[in-house]
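Input: a single structure, listed below in structure tokens.
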Amino acid sequence: DTGVSQDPRHKITKRGQNVTFRCDPISEHNRLYWYRQTLGQGPEFLTYFQNEAQLEKSRLLSDRFSAERPKGSFSTLEIQRTEQGDSAMYLCASNPQATSGNTIYFGEGSWLTVV
Amino acid sequence: AQRVTQPEKLLSVFKGAPVELKCNYSYSGSPELFWYVQYSRQRLQLLLRHISRESIKGFTADLNKGETSFHLKKPFAQEEDSAMYYCALFGGYNKLIFGAGTRLAVHP
């Protein structure tokens with residue numbers, strides 16, 4: 001499968017712990033997005049990268065959240081001092097920009113449960 | 001503000017019945033609209049986008065700028081159409097904004 005891949009798929013953590021999610025976009029996709037989805041809601045935008053540059057961050061992304069894409073390929077999303085309200089599905093997506101317009105392709109997501 | 005509204009959380013129909021999933025948007029410029037679908041235990045995937053004016057799996061959607069709507073339609077629903085459907089807007093800030101989604105349940 002050459003689609004967007006995310007790891008881990010599921011994570012259960014205790015409140016106050018740090019967690020990190022990894023996303024590998026489709027090869028040569030230069031835009032990479034992180035979204036968050038909670039039950040009964042559509043995906044909410046968190047942040048996006050154009051190559052290695054983080055170009056926009058949502059107000060939803062508090063100081064406890066940080067995302068990186070150091071070499072313009074894979075990305076990580078870290079949540080520090082997790083809270084129960086962080087429990088959600090974290091979705092990564094990518095877009096080749098030049099060839100497919102603004103269609104973005106999603107990974108299967110990483111489920112986070114904070115207990 | 002850019003916003004996508006899907007007024008129905010659940011749409012329940014019988015097989016063979018027509019389907020219309022409603023989507024309204026708020027955006028002052030020229031929007032690019034999408035429908036994404038999520039089948040059980042699968043990732044979100046693109047169903048169709050208004051620019052390409054395609055018909056995918058029998059679904060069509062027409063952008064109505066006057067009514068700021070992008071409703072998804074299918075004349076005869078199939079059981080395999082049961083899924084979550086999300087309308088999304090690409091409004092020029094390099095990101096997709098999604099509605100809350102509508103669950104379509106097609107009964108035999």
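Descriptive notes on the structure:
- Net charge over other residues, Cβ less than 15 angstrom from the Cβ of A:Gln80 (K, R count +1; D, E count -1): 0
- Listed by chain and number, the lysines whose alpha-carbon sits under 25 Å from that of B:Lys9, ignoring those within fewer than 8 places in the same chain, are B:Lys22, B:Lys57, B:Lys65, B:Lys73, B:Lys74, B:Lys95.
- Simple rule: put +1 on each Lys or Arg Cβ and -1 on each Asp or Glu Cβ in segment A:3-48, find the dipole, and look at A:Gln17, A:Gln6, A:Leu39; the Cα lying farthest toward the positive end is A:Gln17.
- Build a GNM of chain B with springs between Cα atoms under 10 Å apart, and of B:Gly91, B:Gly29, B:Gly58 the one that fluctuates most is B:Gly29.
- Residue (of B:Ser55, B:Val106, B:Ala77) at the positive-pole extreme of segment B:33-108, dipole from beta-carbon charges: B:Ser55
- Electrostatic bookkeeping for A:Asn30 treats Lys and Arg as +1 and Asp and Glu as -1; over the other residues with beta carbon under 13 Å from its beta carbon, the sum is +1.
- Contour excess over end-to-end distance, with Cα ends at B:Ser55 and B:Thr5 and 0.36 nm allotted per residue: 15.8 nm
- In this rough spin-label picture, where each label sits 7 Å from Cα along the Cβ direction, the B:Glu79-A:Arg15 distance is 4.5 nm.
- Among A:Ile104, A:Ile12, A:Ile26, residue whose mean-square fluctuation peaks in a GNM of chain A (springs only between Cα atoms under 10 Å): A:Ile12
- Only one residue of B:Cys23, A:Gly85, B:Leu89 has its Cα farthest out toward the positive end of the dipole of the protein assembly as shown, where Lys and Arg carry +1 and Asp and Glu -1 on Cβ, and that residue is A:Gly85.
- Each Lys or Arg adds one and each Asp or Glu subtracts one; over the other residues with Cβ under 10 Å from the Cβ of B:Asp81, this totals +1.
- Cβ-Cβ FRET estimate between A:Ser27 and B:His107, R0 fixed at 45 Å, reported to 0.05: 0.60
- Prolate/oblate/rounded label for chain A (Cα gyration tensor, a/c 1.5): prolate
- Label-to-label distance, B:Asp62 versus B:Ser12, with points set 7 angstrom from Cα along the beta-carbon direction: 3.1 nm.
- Here each label is just a point 7 Å from Cα along the line to Cβ, and for A:Asp7 and A:Thr113 those points are 2.3 nm apart.
- Full-stretch length increase - B:Ser26, B:Tyr39 - with 0.36 nm per residue and alpha-carbon distance subtracted: 2.0 nm
- The charge dipole of the protein assembly as shown, taken about its Cα centre with unit charges on the Cβ of Lys, Arg, Asp and Glu (plus for the first two, minus for the last two), comes to roughly 340 debye.
- For chain B, the longest piece that avoids every one of the trypsin sites (Lys or Arg not before Pro) found in DSSP loops with at most 14 other C-beta atoms within 10 Å covers B:66-108.
- Most fluctuating residue given options A:Leu32, A:Leu61, A:Leu91, as computed from a GNM of chain A linking Cα atoms under 10 Å: A:Leu61
- If you take the alpha carbon atoms of chain B and fit the smallest convex hull around them, that volume is 95 Å³ per residue.
- Prolate/oblate/rounded call for segment A:34-102, Cα gyration tensor, a/c under 1.5 rounded: oblate
- Tensor-based shape of segment A:4-44 (alpha-carbon gyration tensor, a/c under 1.5 rounded, otherwise prolate or oblate): oblate
Any read-out appearing in this document is the output of simple, stated calculations on the displayed coordinates, not a laboratory observation. The structure displayed is predicted, hence computed values, not measured ones. Note that each Cβ is placed from the backbone with ideal geometry, even for glycine, and that neighbours are counted across all protein chains shown.
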